[in-house]
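The values are calculated or read from the model by the stated rules, or taken from the named source; none is laboratory data. This one's a predicted model, so the numbers in the text were calculated from it and none came from an experiment. Heads up, the Cβs are rebuilt from the backbone with ideal geometry, glycines too, and the neighbour counts pull from every protein chain shown.
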Amino acid sequence: MIKVGVNGYGTIGKRVADAVRAQPDMTLVGVAKTRPNYEAEAAVRKGYPLYAAIPERSDRFRRAGIDLAGEVDDLVIGSDVIVDTTPSGIGAENRALYEQYDTPAIFQGGESADVADVSFNARASYEAAEGADFVRVVSCNTTGLSRLLAPLREEYGVEKARVTLIRRGGDPGQVDRGPINDILPDPVTVPSHHGPDVNTIFPDLDIDTVGVKVPATLMHLHSVNVTLGESPDADDVKALLDAESRLFLVPDEARIDGTGKLKEFAMDTGRPRGDLWENCIWEESISTVGDDLYLFQSIHQESDVIPENVDAIRAIAGRESRADSMATTDERLGVGLESLFRGPRQRVVPADD
Ligand code: NAD
């Protein structure tokens, strides 16, 4: 069993902890938190051992009636791999702690690429992370673009990718984020940071990205144009993308017209927290004009990186091949959303024990 600790128990950390607990080859050693808030209570209710992320604050947990299993150093010492899910910039500060105890660590996309030896997307760069000490799972948007571009590159070659990212202003719980009534070029300069971040996965890819921020919390929407090395039919592209477990082609018959109904679909079908781990690509949007491919895809920012973190743990531990790890992760979480309108595969919820 791979012993996994999660440092930082917020939006990403709590999902990673649940995903680790669902894996047959992993044990969740515990989670480190800075304060005894509602998320700490939820962790206790789930039976997750809780560690004080900031040792001087241990008393706050005791005063709140929450028993601690130890301090963050104990969590790092007791883990084979740490998943650092602290806010952007804190992960880089924590790296020295992991080095001190020779514990390999996984950082998140809010950190700059040089925090780790390798940037990670399971579909595209699993092998590069095998046996590495420090790995960075790229951001939600970069994850979504990497998953889409990997099969396109392999099948047709990509001459140039141009993507407009229409980004949610904040996560549902982020009350200090915006805009609340505006549409912002963000950044107003071109390219946005996303293109260079995709280049940490595909260094030779020609990609330009621009960003817009809108008053929404549910998901991001990407307007994608890829100039391919060939001129395939749209149906061929649909078949190619449909074969990828982490790409969900949203069928026209489902009458899902936007991210609101996508989230409703996830909740109605029993997904934990209404999470959508897959890229959601509107099937009808997949169009080709000569060698140009166009499509819209939505990315659930809070959850698409979760399967990737699980695979990164196995890559670091050197236990499984890419295909085996992705298959196990998908099976245990229930990744591979398919509409009932599309045949027999209908897995939408986690596998039973
Ligand atoms: P978050 O604020 O929801 O959670 C971070 C947690 O870490 C909070 O509970 C915070 O109290 C805790 N924390 C703060 N300082 C700490 C410390 N020193 N030690 C331990 N814990 C500490 O943030 P998040 O959205 O989960 O983001 C975490 C990382 O994941 C960032 O790098 C972010 O860029 C990346 N990411 C976020 C999203 C998203 O949409 N939320 C998507 C992909 C990647």
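Could you count how many residues in region 1-21 are in contact with a strand residue (DSSP E or B) (Cβ under 9 Å, 6 or more places away or on another chain), of a type in the set (Lys, Arg) and in a helix (DSSP H, G or I)?
Selection size over region 1-21: 2.
Six or more apart or on different chains, Cβ under 8 Å: which pairs go from a residue in region 240-257 that's assigned to a loop (DSSP other than H, G, I, E, B) to one that's among the polar types (S, T, N, Q)? Could you list them?
Correct list of pairs: 246/279; 251/339.
Out of the residues in region 1-26 meeting the condition of being without any contact (Cβ under 8 Å) to a residue 60 or more places away in the chain and surrounded by fewer than 16 Cβ atoms within 10 Å (Cβ to Cβ), tell me which one is farthest from the ligand (Cβ to nearest atom).
1
In region 83-138, what residues are more than 17 Å from residue 34 (Cβ to Cβ), buried (at least 19 other Cβ atoms within 10 Å of the Cβ) and of a type in the set (S, T, N, Q)?
Once the filter is applied, which keeps residues that are more than 17 Å from residue 34 (Cβ to Cβ), buried (at least 19 other Cβ atoms within 10 Å of the Cβ) and of a type in the set (S, T, N, Q), region 83-138 yields 103, 119, 121, 125.
Just the residues that are part of a helix (DSSP H, G or I) and surrounded by fewer than 19 Cβ atoms within 10 Å (Cβ to Cβ), please, taken from region 313-327.
322, 323, 324, 327
Considering only residues of region 22-70 that are part of a helix (DSSP H, G or I) and touching a helix residue (DSSP H, G or I) at 6+ places or on another chain (Cβ under 8 Å), which is nearest to residue 320 (Cα to Cα)?
43
Taking interchain pairs and intrachain pairs at least six residues apart, which have beta carbon atoms under 6 angstrom, with the first residue in region 59-77 and more than 29 Å from residue 104 (Cβ to Cβ) and the second within 16 Å of the ligand (Cβ to nearest atom)?
So the pair list comes out as 60/36; 64/36.
Please work out if residue 175 is over 19 Å from the mean Cα position of the chain (by Cα) and either among the β-branched types (Val, Ile, Thr) or on the phi > 0 side of the Ramachandran plot (or both).
Considered against the rule, which asks whether it is over 19 Å from the mean Cα position of the chain (by Cα) and either among the β-branched types (Val, Ile, Thr) or on the phi > 0 side of the Ramachandran plot (or both), residue 175 comes out as yes.
Which residue out of 67, 102 is among the charged types (D, E, K, R) and modelled with pLDDT of 95 or more?
Among 67, 102, only 102 is among the charged types (D, E, K, R) and modelled with pLDDT of 95 or more.
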